[in-house]
Amino acid sequence: MILSILFVVLPVFLVTGAGYAAARAKLFAPSAVDGLMIFAQRFGIPCVLFRGISRLDLAQVFEPGLLISFYGGVVAVFVLGILGARWLFGRRPGEAVAIGFAAMFSNLVLLGLPIAERAYGPDEIAALFAIASIHAPFCYLVGITMMEFSRADGRGPADTLRAVVRAMFSNALMIGIALGFAINLAGITLHETLRVAVDMLADAALPAALFGLGGLLTRYAIRASLAEAGMITVLSLVVHPAIVLTLGTLVFDLSGPFLRGAVLGAAMAPGANTYIFASMYGRAQAQSASAVLIGTVLAVGTVSAWLAVLGGIG
């Protein structure tokens, strides 16, 4: 049982580790890491999301219980992160919001999709695509709105709304998601040539993104405020999936594929967007960077544990 789970999880993290080792040994230049991540984030992963969403049975996968279970956990760890930062560590409101954002923004696409596909196969991860389709918009909406109302130099409502819209829709991932929904809702079938081209880009995206993520992690350091980074990591790797599992089983009685997808997506380490968000506002950057690095390393063990729990349930 343990070995079979490790065979699912380890290849994903070994690719990330290979990227980290190559960048650390200067065999993969920083400019090459940037280029690889530009390909993955602007072209490859948008094709992954476009392909997945364009083929979803939207009426089936957009189940309220699925989304409430996952995003109820997102809001819960966001609030817990803010309260912990304020009460336990005495952080100012803006810093506390950045720490809460780090706790709620899991690396759903770069880590969640490849691990779920290896664990359950491509036909059982529709729930993750449904969750991923609103993940960045939801988290940025909550995070930016709370930040603007919390910090002393916050924007007014109109400027806050513009900042939210800009953050949500100024990246290629959202374009891929929007096009996927458009194709799906319009009932359009792509020409075989175009479909194959999209498949080629999508198939190359996740391995490239994982290798590039490893290179990107060399730019983060385990710095001061490790206690706060540890709190973020626990909220992200343990508390969030536990809340989703509780809601999904005791409240909504989710089906096996939906429950597995939601819990596994919630169990991912904090994503690089957490550091980007902290840098946008110049608050809690050290804590966010440390949480990304620590969480990604520890996720090898915690994700394996959650796969064992989910295997026992389903």
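We did not get these values from a lab; they are worked out from the coordinates using the rules stated. None of the values given here were measured: they were computed from a predicted structure. Here the Cβ positions follow ideal geometry from the backbone for every residue, glycine too, while neighbour counts run over all protein chains shown.
Taken as Cα centroids, region 112-135 and region 70-106 sit 25 Å apart, rounded to the nearest whole angstrom. Within the listed set ARG86, ARG195, ARG118, the Gaussian network model of the chain (springs between alpha-carbon atoms below 10 Å) gives the highest mean-square fluctuation for ARG195. Highest mean first, the peptides 282-294, 263-275 sorted by other C-beta atoms within 10 Å per residue fall in the order 263-275, 282-294. When only alpha carbons are used to place a centre, region 23-54 and region 248-305 end up 20 Å from one another.
When only C-alpha pairs under 8 Å and at least 6 residues apart count, what is the relative contact order of the chain, in percent?
Once divided by the residue count of the chain, the mean separation gives 34 percent.
Computed per residue of the chain from DSSP H runs no shorter than four, each worth -39500 (n - 2.57), the mean residue ellipticity at 222 nm is -24000 deg cm²/dmol. Available extension along the chain between LEU6 and ALA221 is 74.7 nm, counting 0.36 nm per residue and deducting the alpha carbon span. For region 2-313, the calculated P(r), taken from all Cα-Cα distances in 20 Å bins from zero up to the bin holding the longest distance, is 34, 61, 6 percent.
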